[in-house]
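Engineer: Structure in structure tokens, see below.
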Amino acid sequence: MYVAKGPFYFGLQDSVANIDYDYWIGKYEITNKQFFNFIISAIKSNKIFLKNGVLKTVFPGNEIIASDTFPIKIWNEDIYLKNGFPTLNEAYSNHPVVSVTWFGVYAFCDYYGFRIPSGAEWEKAAKGNKKWWFPWGNNIDSTYANYFNSNDPYEPGTTPIGFYNGKINNGFKTSKAESFFGCYDMAGNAWEWTNDYWSKEVPYYKGKGGGYVYHFPAALQVYYTSSYGPSKPPKLEMNDLADGFRIVIK
């Protein structure tokens, strides 16, 4: 979805911020099918590799993190190893990929020429120039988003991308939950990685949007950003059951 440059309200205090360039952001979270296709193609082209059953990539390093080898994804019921080969569960093809590390997101984006969105890019795409708590306004209930105990038909688990579109899906009444710029699932479903550090002293990345596990509606508010408990930083290759992503092109 196209996001025009200009000012917007950012963060808990609705401070006026500005992004001085236009960009495009994914209408939906990256799906299992899309990520599985990446895995197969990137393994064949030697961009990623399997070692002792773990899918890995070589991160080239940046101003804070040295070059090293990091895991990409934890296998789950959506994408798993069968007889030593990555396998897609077709029943979940159109669900967002989850259990992905930040380095897995980086590898995907690098392979296709995309970028990981910054927190500011993500938040502007979610609420535009509104002072909204959520991507669609200030109210939330289980018809708008997939969160912990929201009682959607797929609980406990992800819902298909774009599920909350105002229609009756799988016998479940939904409300139209697209963002200001027309994106879906920017609250709940997969927790979305961004390209922002917590700090240079604690070099790991932050996420937005809340996920289908652990998170209650308060954590789905647009301004909310994960900290993972900075008093005890996790490993850089951390991931959680709900960790997924969407992409940006400038």
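Engineer: Out of Glu155, Glu178, report the one residue that is under 25 Å from Lys73 (Cα atoms), in a loop (DSSP other than H, G, I, E, B) and open to solvent by 40 Å² or more (accessible area, probe 1.4 Å).
Structural biologist: On the way: Glu178 fails: under 25 Å from Lys73 (Cα atoms).
When all the criteria are applied, what remains is Glu155.
Engineer: Given the conditions (1) of a type in the set (Asp, Glu); (2) part of a loop (DSSP other than H, G, I, E, B); (3) open to solvent by less than 20 Å² (accessible area, probe 1.4 Å), report the number of the one that Glu237 does not fulfil.
Structural biologist: Of the numbered conditions (1) of a type in the set (Asp, Glu); (2) part of a loop (DSSP other than H, G, I, E, B); (3) open to solvent by less than 20 Å² (accessible area, probe 1.4 Å), the odd one out for Glu237 is (3).
Engineer: For Phe103, state whether it is outside any loop (DSSP other than H, G, I, E, B), open to solvent by less than 10 Å² (accessible area, probe 1.4 Å) and in contact with a strand residue (DSSP E or B) (Cβ under 6 Å, 6 or more places away or on another chain).
Structural biologist: Here the answer is yes, as Phe103 does meet what is asked.
Engineer: Could I ask something else about it? Could you check segment 34-45 and list, in sequence order, the residues that are more than 14 Å from the chain's Cα centre (by Cα) and open to solvent by less than 80 Å² (accessible area, probe 1.4 Å)? Let's see the steps before the verdict.
Structural biologist: Applying the first criterion (more than 14 Å from the chain's Cα centre (by Cα)) to segment 34-45 yields 36-45.
Matches in segment 34-45: Phe36, Asn37, Phe38, Ile39, Ile40, Ser41, Ala42, Ile43, Ser45.
Engineer: Among (1) over 26 Å from Tyr2 (Cα atoms); (2) at pLDDT below 95, where does Gly207 come up short?
Structural biologist: Gly207 satisfies all of (1) over 26 Å from Tyr2 (Cα atoms); (2) at pLDDT below 95 except (1).
Engineer: Also, quick follow-up: Looking only at segment 46-84, filter to residues that are under 21 Å from Ile30 (Cα atoms) and either surrounded by fewer than 14 Cβ atoms within 10 Å (Cβ to Cβ) or acidic (Asp, Glu) (or both); which one of those is farthest from the chain's Cα centre (by Cα)?
Structural biologist: If we take residues in segment 46-84 being under 21 Å from Ile30 (Cα atoms) and either surrounded by fewer than 14 Cβ atoms within 10 Å (Cβ to Cβ) or acidic (Asp, Glu) (or both), then Leu81 is farthest from the chain's Cα centre (by Cα).
Engineer: I've got another one for you. Could you please let me know if Tyr223 is touching a Gly at 6+ places or on another chain (Cβ under 7 Å) and either part of a strand (DSSP E or B) or surrounded by 22 or more Cβ atoms within 10 Å (Cβ to Cβ) (or both)?
Structural biologist: Values: touching a Gly at 6+ places or on another chain (Cβ under 7 Å): yes; either part of a strand (DSSP E or B) or surrounded by 22 or more Cβ atoms within 10 Å (Cβ to Cβ) (or both): no.
Spelling it out, it is not the case that Tyr223 is touching a Gly at 6+ places or on another chain (Cβ under 7 Å) and either part of a strand (DSSP E or B) or surrounded by 22 or more Cβ atoms within 10 Å (Cβ to Cβ) (or both).
Engineer: Here's a follow-up. Please tell me if Ala218 is within 22 Å of Trp132 (Cα to Cα), open to solvent by less than 30 Å² (accessible area, probe 1.4 Å) and small (Gly, Ala, Ser).
Structural biologist: Details: within 22 Å of Trp132 (Cα to Cα): yes; open to solvent by less than 30 Å² (accessible area, probe 1.4 Å): no; small (Gly, Ala, Ser): yes.
Against the criterion (within 22 Å of Trp132 (Cα to Cα), open to solvent by less than 30 Å² (accessible area, probe 1.4 Å) and small (Gly, Ala, Ser)), Ala218 does not qualify.
Engineer: Suppose we filter segment 115-137 for residues that are within 25 Å of Tyr204 (Cα to Cα) and assigned to a loop (DSSP other than H, G, I, E, B); how many remain?
Structural biologist: Within segment 115-137, residues that are within 25 Å of Tyr204 (Cα to Cα) and assigned to a loop (DSSP other than H, G, I, E, B) number 3.
Engineer: Checking the conditions here, which among Ala66, Ala91 is over 14 Å from Asn37 (Cα atoms), free of Cβ contacts under 8 Å to residues at least 24 places away in the same chain, among the small types (Gly, Ala, Ser) and in a helix (DSSP H, G or I)? Give the steps one after another, and end with the answer.
Structural biologist: On the way: Ala66 fails: in a helix (DSSP H, G or I).
Answer to the selection: Ala91.
Engineer: Do the conditions hold for Lys250, that is, is it open to solvent by 10 Å² or more (accessible area, probe 1.4 Å), charged (D, E, K, R) and over 19 Å from Ile74 (Cα atoms)?
Structural biologist: Yes, satisfied.
Engineer: Out of everything in segment 1-27 that is crowded, with 19+ Cβ neighbours inside 10 Å and under 20 Å from the mean Cα position of the chain (by Cα), what residue ends up being nearest to Asn94 (Cα to Cα)?
Structural biologist: My answer is Gly26.
Engineer: Let me spell it out: the conditions are (1) open to solvent by 30 Å² or more (accessible area, probe 1.4 Å); (2) free of Cβ contacts under 8 Å to residues at least 24 places away in the same chain; (3) in contact with a strand residue (DSSP E or B) (Cβ under 8 Å, 6 or more places away or on another chain), and Lys131 meets all of them except one. Which number is the exception?
Structural biologist: Condition not satisfied by Lys131: (2).
Engineer: Does Tyr147 meet the test of being more than 20 Å from Gly11 (Cβ to Cβ), under 15 Å from the mean Cα position of the chain (by Cα), in a loop (DSSP other than H, G, I, E, B) and of a type in the set (Phe, Trp, Tyr)? Before you say what the answer is, go through the steps one by one.
Structural biologist: On the way: more than 20 Å from Gly11 (Cβ to Cβ): yes; under 15 Å from the mean Cα position of the chain (by Cα): yes; in a loop (DSSP other than H, G, I, E, B): yes; of a type in the set (Phe, Trp, Tyr): yes.
When the stated conditions are applied, Tyr147 passes them.
Engineer: If you don't mind, there's one more thing I want to ask. Which one of these does Lys208 not meet: (1) under 17 Å from the mean Cα position of the chain (by Cα); (2) over 26 Å from Leu236 (Cβ atoms); (3) open to solvent by less than 20 Å² (accessible area, probe 1.4 Å)?
Structural biologist: Lys208 satisfies all of (1) under 17 Å from the mean Cα position of the chain (by Cα); (2) over 26 Å from Leu236 (Cβ atoms); (3) open to solvent by less than 20 Å² (accessible area, probe 1.4 Å) except (2).
Engineer: Identify the residue in segment 107-123 that is open to solvent by 10 Å² or more (accessible area, probe 1.4 Å) and among the charged types (D, E, K, R) and, among all such residues, is nearest to Val58 (Cα to Cα).
Structural biologist: It comes out as Asp110.
The values are calculated or read from the model by the stated rules, or taken from the named source; none is laboratory data. What you see is a predicted model; the values in this text were computed from it and never measured. For neighbour counting, all protein chains shown are included, and Cβ atoms are generated from backbone atoms with ideal geometry for every residue, glycine included. Side chains are part of the model used for accessible areas, which takes the heavy atoms of the whole protein and leaves out ligands, DNA and RNA. Shrake-Rupley method; radii C 1.70, N 1.55, O 1.52, S 1.80 Å.
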